[in-house]
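For reference, the structure is listed below as structure tokens.
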Amino acid sequence: MRTVSPREWAAQKQLQYLKDPLHIADYVKKTLAKGDFEEAALITRKASKDTKVVVSWNHLIDYHLRHDRLHAAIKLYNEMKKRAQLPNAQTFTIIFRGCTISSHPKLAVSEAVRIYHSLLANDRIKPNTIHMNAVLQVCAKAEDLDSLFSIVQTANDGLRAPNNLTYTTIINALRSKVDKRQHGSTAEIDTTEIDNEKRQAIQRAKSLWETVISKWKEGSIIIDEELVCAMGRTLLMGTYHDADSVEALLEQTMMIPRDDKLAISNTSTKAEGVEGASADMKPTTSPDTTRIKAPGAPAVKYALPGNNSLSMILSALEKTGKTTKSQRYWDIFTKQHGVIPDANNWHQLLTALRRGKNSAKTVSNLRDMPAELMVPKNFRTAMSTCLRDNLNRSAFTHATEVLEIMLAKLKNPDLITLRTYLRVAYANKRYFIEQSKRDYEAAMMAWGKQLTTALANLWKPYMIIAKQCENEGPESNYKREFVALARKMIAACDRVIFGKMVPPEIEAQIKPRRNSLNKVVVRHFEQMAEIDPNFRKDEDAREEREDEDGFDDFAGRFRQQKDKAEKRPATASWQ
């Protein structure tokens, strides 16, 4: 007679109180929640001798899949069938969804496709749309488009009718395959080949979109924001024309007009609006634009705008250069549709404004941005906008406002933003160049005042960071960035002092700070030399060098006016 282990005895005793399959399943679920898989499996196996406990087996399989044990889950699935516990539809849903989160995508595709095809041949249970979509997601994650489209071929108009998630998965898979190759870690990238793959992916997506629009107008599927953005972001991979059609895509699916025209209000006009937008957008072709719907036909339901679509349209405007429209779309989404911008929306807006070199709008939006969403990259982008807008006489003023907002909102000032601010002070010089033709001395003094204003504004954040760097080693990236800022500030001090760009009393204020900065830099190089005897100052300088936006060239252009200026009485004023 076989000896019964204490664990088996306890399981048998427990089953005396768990005769109902539902109670057994609840007990198994609670046991798994405690992490005791062995007890849960033992209870399930013993109960399987005389009770149908499919739900309990489902819990066991799901437990393995959630812990990334695909082999063990499939083994349980096979054991389940051997014990005459027939899998139900939920069993396959659990397996397919578990495959989507597996860290072994190729193995997951192999198992999911095999089980799915065996299910197709099963007379008892047929795969449904949920099963098909789950397997498509497994294939998409593994970037196995051949397997993906083989599963697509099994769709029908009945149990496996494709829905919005089906098309979203397919379009995202087409985009992801190309996008990962372009931005992946592969050293050698064939640009021509990738461009061809982009065109093919976009063309396939456009063909699918025709089907989507056709089914949408028939009322057989819905279009949601996720599907719209899948198509839109695929278009963003393409040419200018493809990116430009994203506006038409929003008009077509969300009723957001491309231009400042009145939104369509009545039902009949809405249908015309869909057709018109479809004609504008190349992915769709609708020859039957005069078809009248029969009474009782399903109404077209438009997708609701959200954060994803807001970021998408801002990305499209940045790519096409139509950044003057960014504020209009922003207002439509946030004021008319009640979308609350997230951190990505705000940053995408700032990025679009950078493309448009609109430093004034950048400052305005930065002031409106919630403090809890602000991160250093927002200020880097905003300051970069001011640098790009250097032909604007007010660019430095706007850059100073960006700096003030950063110091008020961020706990720690961003070093890269601070360095860019100093570059703006150098670059925003067009007015001074024009002025130098009339009055050389006045122009030099005015530009010197701008540079010294920048240095004065940088001193407070510099001191804040200096305290933070006291415990930083010389090799840390943060300390290197800090020293790079100090060196740029020293260079600016030297320029205004040796260029005689400031009055003597201002020069006297600058020199002590310049000496303090120099001590920090010298100490850093001494520490680096102690760590690395081969370290040379000129090598580090080469790494940290930044273009100071033509200072020397500008000074040379000033000199062209110098002889003339010396013949005129000086009119320079610091005030």
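The values are calculated or read from the model by the stated rules, or taken from the named source; none is laboratory data. Keep in mind that what you see is a predicted model, and the values were worked out from it rather than measured. We place every Cβ from the backbone using ideal geometry, glycine too, and count neighbours over all the protein chains shown.
A few notes on this one:
- Test result for TYR77, crowded, with 17+ Cβ neighbours inside 10 Å and more than 20 Å from ILE170 (Cβ to Cβ): yes
- Single residue of the stretch 200-224 satisfying the filter (under 27 Å from the mean Cα position of the chain (by Cα) and not in a helix (DSSP H, G or I)) that is nearest to GLY306 (Cα to Cα): ASP224
- Only listed residue being within 30 Å of PHE525 (Cα to Cα) and not aliphatic (A, V, I, L, M), chosen from LYS460, LYS429, LYS449: LYS460
- Looking at the stretch 411-521, the helices (runs of 4 or more DSSP H) lying wholly inside it that each contain 3 or more residues that are modelled with pLDDT under 90, of a type outside the set (Val, Ile, Thr) and out of contact with any Leu (no Cβ under 8 Å at 6 or more places or on another chain) sit at 430-436, 440-468.
- Wholly enclosed helices (runs of 4 or more DSSP H) of the stretch 233-329 bearing at least 1 residues at pLDDT 95 or above and of a type in the set (Gly, Ala, Ser): 240-254, 307-320
- Contact map, the stretch 297-315: first residue among the charged types (D, E, K, R), second residue at pLDDT 95 or above, Cβ cut-off under 9 Å, separation 6 or more or different chains; pairs are LYS301/TRP216; LYS301/ILE222; LYS301/ILE223.
- Residue, farthest from the chain's Cα centre (by Cα), within the stretch 312-355, restricted to residues that are of a type in the set (Val, Ile, Thr) and more than 21 Å from VAL402 (Cα to Cα): ILE332
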